C-alpha cells in the first residue's frame, strides 16, 4: 500500500470560523505536546521537526488529523467526546488512512 503525502493546510474553516494551522519549534519542549487544538484562539499548533525531536511527514499528518478531530468534535452537541483521547485518536487514524491511501485516478 502506497501512502499519498497529505498537504497540511495553512488555514481552514469550520462552521464559518477560520482556524490557522501553525508549526511551532518548541511545543514539545514547552508543553510536552506534538499538537494542540486551541479552540478559543482558533488555531491548531503542530510541533515542527527540530533537532532532538524528529517528526516524519506521516507523524505530522497524523497529529494534524488528531487536532482537527478535537476541533470538529468540540463543535458538536457532544463536546465531552473531545476529552476521549482513544476516540479522537481512532477517528484521526481512520481519516489519515483514508486520505493517505485514496486513489484519484
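The values are calculated or read from the model by the stated rules, or taken from the named source; none is laboratory data. Because the structure is a prediction, the values reported are computed rather than measured. Heads up, the Cβs are rebuilt from the backbone with ideal geometry, glycines too, and the neighbour counts pull from every protein chain shown.
Return the total of residues in the range 72-81 being touching a helix residue (DSSP H, G or I) at 6+ places or on another chain (Cβ under 8 Å) and modelled with pLDDT of 85 or more. Step through it out loud before you land on a result.
Taking the range 72-81 and keeping what is touching a helix residue (DSSP H, G or I) at 6+ places or on another chain (Cβ under 8 Å), we get 73-74, 79, 81.
Checking the rest, the ones that are also modelled with pLDDT of 85 or more come to 73-74, 81.
Qualifying residue count, the range 72-81: 3.
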Wholly within the range 1-43, strands (runs of 3 or more DSSP E) carrying at least 3 residues that are in contact (Cβ under 8 Å) with a residue 12 or more places away in the chain: 17-24, 35-38
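Is one or more of the residues making up the range 90-105 on the phi < 0 side of the Ramachandran plot and in contact with a strand residue (DSSP E or B) (Cβ under 9 Å, 6 or more places away or on another chain)? Working first, answer last.
Within the range 90-105, the first condition is being on the phi < 0 side of the Ramachandran plot, and the residues that meet it are 90-105.
With the extra rule that they be in contact with a strand residue (DSSP E or B) (Cβ under 9 Å, 6 or more places away or on another chain), the set shrinks to none.
No, there is no match, as no residue in the range 90-105 is on the phi < 0 side of the Ramachandran plot and in contact with a strand residue (DSSP E or B) (Cβ under 9 Å, 6 or more places away or on another chain).
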Residues being under 14 Å from residue 72 (Cα atoms) and either over 12 Å from the mean Cα position of the chain (by Cα) or exposed (fewer than 13 other Cβ atoms within 10 Å of the Cβ) (or both) - total across the range 20-55: 3
The one condition in (1) exposed (fewer than 15 other Cβ atoms within 10 Å of the Cβ); (2) farther than 21 Å from residue 98 by Cα; (3) at pLDDT 90 or above that residue 9 fails to fulfil: (2)
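So that you can scan it fast, the table gives a plain yes or no per residue for (1) in a helix (DSSP H, G or I); (2) surrounded by fewer than 14 Cβ atoms within 10 Å (Cβ to Cβ); (3) touching a residue at least 40 places away in the same chain (Cβ under 8 Å):
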position: 61; (1), (2), (3): yes, no, yes
position: 64; (1), (2), (3): yes, no, yes
position: 76; (1), (2), (3): no, yes, no
position: 81; (1), (2), (3): yes, no, no
position: 94; (1), (2), (3): yes, yes, no
position: 102; (1), (2), (3): no, yes, yes
